[in-house]
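I have placed the structure first, in the form of structure tokens, so that the comments after it can refer back to it.
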Amino acid sequence: MRNKKIIFTLYTLFIMLFISGCKNDNYHIKSSELPTVNVNIFRYEDDLMNIRGENFSSEIINLSDTYSVFLGNLHEDTTGIYLIHNFVEDSTIQKIYEKTTAVFDNSDDISNQFEKSFSHIKFYYQDFMTPDIFTYISGFDYSSPVIYTGDKIIIAIDMYLGADYIPYYELGIPRYIISKFDKNYLVRDCIEDIAIEKNASSNAYTNLINLMIYYGKNLEFIKRMMPDVNDTIVTGYTAEQLQWCKKHEKDLWNYLISDDLLFSNDLQLIKKLVDEAPFTSIISHDAPGAVCRWIGWKIVASYCKNNNVTVEELMQTTDAMQILNKSGYRP
């Protein structure tokens, strides 16, 4: 009889924890409630790099009708045709394309990620127009790997070939940045660009808390639209870096509220705490870079949870102090 009571108690506790966990999950939505979206992915690099031979001019002109976003109108542009031909025949570009086809030999997984993410966006924003996806070889444009225009997302696909791709290092790009040049970040970066467009807050370096909330809102948006993606992808941190943040969250918060650092308008201090870097030197060499973006996300997530705030309401709220004061954030 006693064993039965213990089993019943454990079963009841499990059910309570399960219900509690479901109740507190702001991210997962029943699949039956998510709208269906269709995603169109146009692999410009494939269509372009497969043009060869004597008919190059006529074929590239025809291609310009489909890919005017890259080629413009080539019907009367002989100089443009010449430049595109040189691009296609460039041995370096051809090697990049070979690597691209190896990494992205099948885009079904990327397409599925986009469909899931866009269906979540449309759940929160019913007027969201599903953008067409265009990929291209940029020649390593790491400053703008993704461009969201509203009806299109343009992706420099050669910026997602993996952190072990040697040409990235030959360009002198820092290792902590190269670590995110991976296909697992491709859709995530696109969703971040949409978040930036939806975010009514300013990313000006006015004071620390404003910028923390700005980045925190973007991270919350990404997590809402990609609830099944690991937080390492959402944040760009390794598992070890995330564990460090969680372990030292209270210490980080105490540091920020000491001497009113949260409200500091010291540009150099703000940059050290929110800008991407290999680590946050002002705190610890073990602290990941931009650690205050993570704290900002924790504040924003707490604000949403404790105030039943919709994603759209969150992204339109520009008062960082309102979010902080109503968040109930207590690490």
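The values are calculated or read from the model by the stated rules, or taken from the named source; none is laboratory data. From a predicted model like this one, the values you see are computed outputs, not experimental measurements. Neighbour counts run over all protein chains shown; Cβ positions are idealised from the backbone, glycine included.
Numbers at a glance
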| read-out | value |
| --- | --- |
| Leading residue by the ranking (surrounded by the fewest Cβ atoms within 10 Å (Cβ to Cβ)) among those in the range 128-170 that are among the β-branched types (V, I, T) and assigned to a strand (DSSP E or B) | I147 |
| Residue within the range 80-95 that is surrounded by fewer than 20 Cβ atoms within 10 Å (Cβ to Cβ) and under 27 Å from P288 (Cβ atoms) present | no |
| Matching residues in the range 269-306 - criterion: being charged (D, E, K, R) and in a loop (DSSP other than H, G, I, E, B) | D275, E276, D286 |
| From I213, I233, residue being within 11 Å of W297 (Cα to Cα), of a type outside the set (D, E) and at pLDDT 95 or above | I213 |
| Any hit, the range 236-248, residues being within 20 Å of Y148 (Cβ to Cβ) and either more than 17 Å from the chain's Cα centre (by Cα) or modelled with pLDDT of 95 or more (or both) | yes |
| Residue list for the range 36-65, filter: part of a loop (DSSP other than H, G, I, E, B) and farther than 19 Å from G139 by Cβ | T36, V37, N38, V39, N40, R52, G53, E54, N55 |
| Checking W253 against (1) over 24 Å from V187 (Cα atoms); (2) without any contact (Cβ under 8 Å) to a residue 60 or more places away in the chain; (3) in a helix (DSSP H, G or I); (4) of a type in the set (A, V, I, L, M, F, W, C), the condition it does not meet | (2) |
| Criterion violated by N218 - all others in (1) more than 15 Å from C292 (Cβ to Cβ); (2) under 18 Å from the mean Cα position of the chain (by Cα) satisfied | (1) |
| Residue match in the range 37-47 (condition: modelled with pLDDT of 95 or more, closer than 28 Å to E170 by Cβ and hydrophobic (A, V, I, L, M, F, W, C)) | no |
| Criterion violated by T310 - all others in (1) closer than 30 Å to F123 by Cα; (2) surrounded by 14 or more Cβ atoms within 10 Å (Cβ to Cβ) satisfied | (2) |
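Residues checked against (1) within 23 Å of the chain's Cα centre (by Cα); (2) without any contact (Cβ under 8 Å) to a residue 40 or more places away in the chain:
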site: Y82; (1), (2): no, yes
site: V88; (1), (2): no, no
site: Y97; (1), (2): no, no
site: K122; (1), (2): yes, no
site: Y125; (1), (2): yes, no
site: M129; (1), (2): yes, yes
site: D132; (1), (2): yes, no
